[in-house]
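Take this structure first; my questions come after.
FYI, it's all coordinate maths here, none of it is from the lab. Remember, it's a predicted structure, so these values are computed and weren't measured experimentally. Cβ placement follows ideal geometry from the backbone for every residue including glycine, while neighbour counts extend to all protein chains displayed.
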């Protein structure tokens, strides 16, 4: 009496899987974009010579890094009704074809805040690895602090941080699975839904794992391309 | 004047931390007054609730205690399993290296939630198919297995990086002194490598500690699930989850500060 | 391959193989492992003292006494109750589970011990009269329960929002994130009653939901023992007493009692 594998459930439920994949991609893409923006701002703050700016940036980083992501998601989702606080979210939700605006944006916000904190540390390390001489040289040429950061330091730092940044982006893609606990119908949710209806959890889990591997490989691939592009013209790339 | 305050804090660490705590508490209080003016903390902070949160149901192990048990057992087991795979991954022998690569990359590409799902729902199926026995795993054990498998892949990478960081010269020196490969490994390379890896291990433990909250999905009544059970009865999400966040933060933050101190000590030792 | 084998040897410490007779196992163990819901009053929920109580819990306690063993309760959700019975983590699932033919394939069911129907719970300002009015609206259901499928069958254009636990659905309903919650009538009526006018039940029950307790497939002796115990509860009046205690009325229909 073995276990009869029934791979046809995957075809029966392909809509659920495809919708789940699309939702995961939406969460991941928006999450990556905004956590990178926030992470860069925070990271520049953390690397600042000003004690107080660095301190306040570290408040953000330490708070959001040390609280589990699922706790952040629950806190945001169950305490606040985001669509009432930010009315424009409803139109975005319609634009992105999201059934449950509140759950999606709560999960997205938590993902952004959480990953942004980690990216902040990555960016800080990247900026700190640029030789100090460059700051001084640029300033002696008459640039103020913002110009130095924006034109000289940050672009170089971006190239250096691409490997750890990629790793944070991959973490974000994997962490998007937590959105299922507050009801977002993404990939991991699809696995459990198929299992609940057909008791074919093994087949569903196999398909979804393959999809996640596909997502992470594609992202790594693109980040590699970006790294190569940024490394053109750099001597010891 | 700001510069003076800054210097003062650099010299007096304790007052610095008091200052930090006061600022953060003030910021949180301002946030609370804007976002959620009427708090009902007293309804939540009863002795029964606290006992349930920290110790679980009377007569069972649960709550924060179970969180620690999950984290500690998993890090302990994954230390061994991860080391095996890490050394295998580092090895140059293809037959050993390739399965290790598959194991590590597969687990690192899968979300922890999926690994938990695999272990809880798929292993009984697996054992039925191949061993014709109905495997019976309790949620807690399934959680430990899932955490161990997942963490061992990351530990394997830490171990590989640690061994890689030992200068090649040591291998050659040992060989010239007549050590065999395994002797070199056990007596020379590994002790140095593991000492270097300690900070990475501690940070992995902190991450695992936070991830225990995911055991919630298969019904393990650890700290987070206990909180959601109370919330299901009282519907006080702001009070309950902010308390939960505070507890996790305090523990995780202290552990990472401790790891920083450890890192500094190790660096001093290695550069002595 | 060797590592896989080693892994399973380690797992072997935690594995037990299926026995020939669950009833003998339970009685020699002296413990009946029961899965109940922790979030579904009045069938199973956690009270302020942290104790698990409810109609299902009391029935299990009676059955355990009849079998001569002690009951031990574990939490299950609509999603986990069947896998946990299948894998032997629990011996019996008394978790407001509807006896469906599809579910009878992986596990077996006892006789039906409660008769309900699916209904809809909405806020008091809802103008809908029945499930037909929910096309395009967001209705909360629990993942793994029959409610999602049933609703989609009678109202295909509904937007289902899946929750893991009932209180999460209630919170979402309270805050306007969803327009209604759909599950069995008893739960909806209880919530409406306790909500001080905030919620109300919409329409009449539109499905037939007979509850059965879930037990492992092909364990006739165990299933018989549980069935006989349930029928004893009806014979000696305990069932009616518990029904009155948890639902406040006389039973609308009794579980069938076979002549001895």
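Share of antiparallel DSSP beta bridges in chain C, in percent to the nearest 5?
60 percent
Starting from the coordinates of the alpha-carbon atoms of chain A, obtain the Kirkwood hydrodynamic radius over all distinct pairs and give the value in Å to one decimal.
Kirkwood hydrodynamic radius for chain A: 19.8 Å.
If you take the C-alpha gyration tensor of the range A:53-192, multiply each eigenvalue by 5 and take the square root, what semi-axes do you get, largest first, in whole Å?
On the way: eigenvalues 261, 54, 42 Å².
Whole-Å semi-axes of the equivalent ellipsoid: 36, 16, 14.
Only Cα pairs within less than 10 Å get springs; with that Gaussian network setup on chain C, which residue of C:103, C:153, C:138 has the largest fluctuation?
Looking only at C:103, C:153, C:138, the biggest GNM fluctuation is shown by C:153.
Something else: Could you list C:48, A:167, B:242 so that the one with the fewest beta carbons within 10 Å of its beta carbon is first and the one with the most is last?
In increasing order of surrounding Cβ atoms, one gets C:48, A:167, B:242.
For chain B, would you read off the P(r) tail past 27 Å as a percentage of all alpha carbon pairs?
55 percent
For peptide C:46-59, compute the average count of partner chain beta-carbon atoms within 10 Å of each residue's beta-carbon.
Mean inter-chain Cβ contacts per residue within 10 Å come to 3.
Using a Gaussian network model of chain C whose springs link C-alpha atoms within less than 10 Å, name the residue from C:43, C:208, C:109 with the highest mean-square fluctuation.
Top of the fluctuation ranking is C:208.
Please check: in the Gaussian network model of chain A (C-alpha springs, under 10 Å), which one of A:71, A:42, A:101 has the largest mean-square fluctuation.
Among A:71, A:42, A:101, the largest mean-square fluctuation in the Gaussian network model of chain A belongs to A:71.
Pairs of alpha-carbon atoms within less than 8 angstrom and 6+ residues apart define the contacts here; what relative contact order does the range B:64-270 have, in percent?
26 percent
Something else: Taking 1 over the mean of 1/r across every pair of different Cα atoms in the range A:1-89, what Kirkwood radius in Å do you get?
Hydrodynamic radius (Kirkwood, Cα pairs) of the range A:1-89 is 17.2 Å.
Next question, about the same structure. What does the C-alpha gyration tensor say about the overall shape of the range C:118-207? Classify as rounded when a/c is under 1.5, otherwise prolate if a/b is larger than b/c, or oblate.
Rounded shape, in that the Cα axes give a/c under 1.5.
For each of A:209, A:181, count neighbouring Cβ atoms within 10 Å of the residue's Cβ, then give the residues from fewest to most.
Arranged by neighbour count, lowest to highest, A:209, A:181 become A:209, A:181.
Round to a whole angstrom and tell me the spacing of the C-alpha centers of the range A:59-85 and the range A:126-192.
Going from one Cα centre to the other spans 21 Å.
With both bridge residues required to lie in the range C:40-178, what share of the DSSP beta bridges run antiparallel, to the nearest 5%?
Taking every DSSP beta bridge with both residues in the range C:40-178, the antiparallel ones total about 40 percent.
Now for a different question. So if I take the centroid of the Cα atoms in the range A:199-229 and the same for the range C:51-86, what is the distance between those two points in Å?
Each part's Cα centre sits 40 Å from the other's.
Report relative contact order for chain A in percent, whole number only (criteria: Cα-Cα under 8 Å, sequence separation at least 6).
Relative contact order of chain A: 30 percent.
While we're here: What does the convex hull of the alpha-carbon atoms of the range B:131-212 project to on average, in nm²?
Its Cα hull, projected and averaged over all orientations, spans 7.8 nm².
Tell me whether the range A:111-183 comes out rounded, prolate or oblate; compute the Cα gyration tensor, take square roots of the eigenvalues as a ≥ b ≥ c, and use a/c under 1.5 as the rounded threshold. Numbers along the way, then the final one.
On the way: a/c = 4.40, a/b = 2.95, b/c = 1.49.
Here the range A:111-183 falls in the prolate category.
Let me ask you something else. Mean 1/r over all different Cα pairs, inverted: what Kirkwood radius does chain C give, in Å?
With all distinct Cα pairs of chain C included, I get 19.5 Å.
Further question on the same structure: Taking 4 °C and 1.567 mPa s as the conditions, I'd like the Stokes-Einstein D for the range A:68-110 in µm²/s, using the Kirkwood hydrodynamic radius from alpha carbon pairs.
D, rounded to a whole number, is 126 µm²/s.
Based on DSSP, what percent of beta bridges with both residues in the protein assembly as shown are antiparallel, to the nearest 5?
Of the beta bridges lying entirely in the protein assembly as shown, close to 55 percent run antiparallel.
In what sequence, highest mean first, do C:244-256, B:183-195, B:206-218 appear when ranked by Cβ atoms within 10 angstrom?
For the peptides C:244-256, B:183-195, B:206-218, the packing ranking is B:206-218, B:183-195, C:244-256.
Moving on. I need the fraction of alpha carbon pairs in the range C:55-171 separated by more than 17 Å, rounded to a whole percent.
64 percent
How many angstrom separate the Cα center of the range B:192-206 from the Cα center of the range B:168-184?
Measuring centre to centre over Cα atoms gives 24 Å.
To continue, here is another question. How long, wide and thick is the range B:233-272, going by the Cα atoms along their three principal axes, in whole angstroms, largest first?
The principal-axis extents, from largest down, are 57, 12, 6 Å.
Can I ask one more? On C-alpha positions alone, give me the angle between the axis of helix A:201-230 and the longest principal axis of chain A, in degrees, nearest 10.
20 degrees
For the range C:136-260, what does the alpha-carbon gyration tensor say about shape, rounded, prolate or oblate, given a ≥ b ≥ c as the root eigenvalues, a/c under 1.5 as rounded, and a/b over b/c as prolate? Display every interim value, and only then the final one.
Working: a/c = 2.61, a/b = 1.72, b/c = 1.51.
It comes out prolate by the Cα gyration axes.
Give the Rg/Rh ratio for the range B:1-94, taking Rg as the radius of gyration of the Cα atoms and Rh as the Kirkwood radius, to two decimals. It would help to have the intermediate numbers written out before the result.
On the way: Rg = 23.3 Å, Rh = 18.9 Å.
Using only Cα positions, Rg/Rh for the range B:1-94 is 1.23.
Give the relative contact order (percent, whole number) for the range C:118-207; include only Cα pairs under 8 Å separated by 6+ residues.
Relative CO of the range C:118-207 lands at 47 percent.
Provide a whole-number value for the mean count of partner chain Cβ atoms within 10 Å of the Cβ atoms in peptide C:167-177. Can you show the working numbers first?
Details: counts 8, 11, 1, 2, 7, 8, 0, 2, 8, 4, 12.
Mean partner shielding for this stretch: 6.
Same structure, new question: With 41 Å as the cut-off, how large is the P(r) tail for the protein assembly as shown, expressed as percent of Cα-Cα pairs? Write out the running numbers ahead of the final one.
Values: 107762 of 295296 pairs.
The proportion of pairs with Cα distances above 41 Å equals 36 percent.
Against the longest alpha carbon principal axis of chain A, how many degrees, from 0 to 90 and to the nearest 10, is the axis of helix A:14-47 turned?
It is inclined by approximately 20 degrees.
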